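S.K.: Could you have a look at this structure, given as structure tokens, before my questions?
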Amino acid sequence: MQHCSFRSCFFSIQLRKVSEANQLNNIGKKKAKGKDTASQMQRKTTKQTSKQLIDIHGDDITIKNEETLEINELMPVMTPQSDDMKHIANMKSEFSQTMDPILRMYNAAMNEAIARFEIIKDEFHFRKMRCPIHHIDARLKSADSILGKLEKKDLNLTLTSACNNIYDIAGVRVVCPYVKDIYLLRERIMAQDDIFIMEEKDYVAHPKRNGYRSLHIIIRVPVYFMNKKQLVPVELQIRSLAMDLWASLEHDLKYKAYQSTEEIDFTAKLYECSQLIYQAEESMEKINDLLED
């Protein structure tokens with residue numbers, strides 16, 4: 001497979017934007033005559049034009065001014081952009097030609113992993129047994145997210161580096177009713193001889209400091225294309241309903257804390273909440289065990 005660099009995709013586009021930004025900034029400086037405050041830039045960005053409309057009814061002649069808004073009003077202040085549709089289309093085409101083949105490969109691997117779990121789910125239903133799968137979620141990382149992770153890990157900003165170092169571009173989350181179902185699904189997946197386990201982190205047995213629990217497994221799934229077979233990494237997250245509830249609420253709180261101006265450490269409180277949730281989960285699992293026996 002031929003790999004194109006992220007720089008050729010992202011940074012050639014960014015260079016064009018920088019060039020356009022410089023041109024627009026120079027024009028803005030001339031018009032501002034040295035004034036560069038935010039309010040003045042706002043007035044320059046919000047640009048209006050007016051035209052006269054003449055309305056004639058018999059001997060009465062009325063002249064009205066009609067104001068029209070330009071495209072710049074819809075754009076953020078201090079963010080010069082081009083509204084040239086050809087330029088925008090070329091940017092999109094260049095980006096798609098580089099990224100689409102890569103994302104299609106990971107999308108195929110993600111769908112293959114989902115199919116494995118759907119088959120397991122269908123078999124339990126067919127045998128009229130309690131199904132260990134409550135629901136399945138999946139997602140592909142965006143190009144921005146991939147780039148951000150490369151920068152965070154201080155890796156080369158290339159597609160080759162992304163494919164060889166980032167293993168959660170494709171992700172599948174399987175949510176189970178109970179903790180015991182997590183390990184049942186792990187056994188079923190590991191029993192499939194065409195799936196290769198790359199890495200495993202058991203945060204169920206060894207929770208994170210804030211109380212996060214989940215089983216993470218990086219697998220390589222065979223994807224068959226027209227002329228070859230490719231083993232593509234997919235991250236599996238297998239967790240219980242209680243773990244998923246806690247993780248969803250923690251994610252929401254983390255996002256709000258990130259936006260807040262106050263720096264507050266909720267780690268201890270989150271851990272306390274996780275213990276309460278997991279104690280309830282354990283009690284309900286024991287009830288289920290009694291009913292199944």
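S.K.: Which of rounded, prolate or oblate describes region 123-180 when judged by the alpha-carbon gyration tensor and an a/c cut-off of 1.5?
M.R.: The shape class here is prolate.
S.K.: Here is a follow-up. Give me the count of lysine pairs in region 128-227 whose alpha carbons sit under 22 angstrom apart, restricted to pairs 8 or more positions apart or on different chains.
M.R.: 13
S.K.: Further question on the same structure: In 10 Å bins starting at zero, report the fraction of Cα pairs in region 137-293 per bin as a rounded %.
M.R.: So the P(r) values, bin by bin, are 9, 30, 34, 20, 7, 1.
S.K.: Can I ask one more? May I ask you to give the solvent-accessible area per residue for region 157-212, in square angstrom, as obtained with a 1.4 angstrom probe? List each step's numbers first, then the result.
M.R.: On the way: 2660 Å² over 56 residues.
With all protein chains present, region 157-212 gives 47 Å² per residue.
S.K.: Region 189-237: D in µm²/s via Stokes-Einstein (Kirkwood Rh, Cα pairs, 37 °C, 0.692 mPa s)?
M.R.: Translational D for this selection: 269 µm²/s.
S.K.: Express the carbon and sulfur contribution to the solvent-accessible surface of region 145-216 as a percent, rounded to the nearest whole number, probe 1.4 angstrom. Numbers along the way, then the final one.
M.R.: Numbers: 1670 of 3570 Å².
So the carbon and sulfur contribution to the accessible surface is 47 percent.
The values are calculated or read from the model by the stated rules, or taken from the named source; none is laboratory data. All values reported here derive from a predicted model rather than from experimental measurement. Keep in mind that these areas ignore ligands, DNA and RNA; they rest on the heavy atoms of the full protein, side chains included. Shrake-Rupley method; radii C 1.70, N 1.55, O 1.52, S 1.80 Å.
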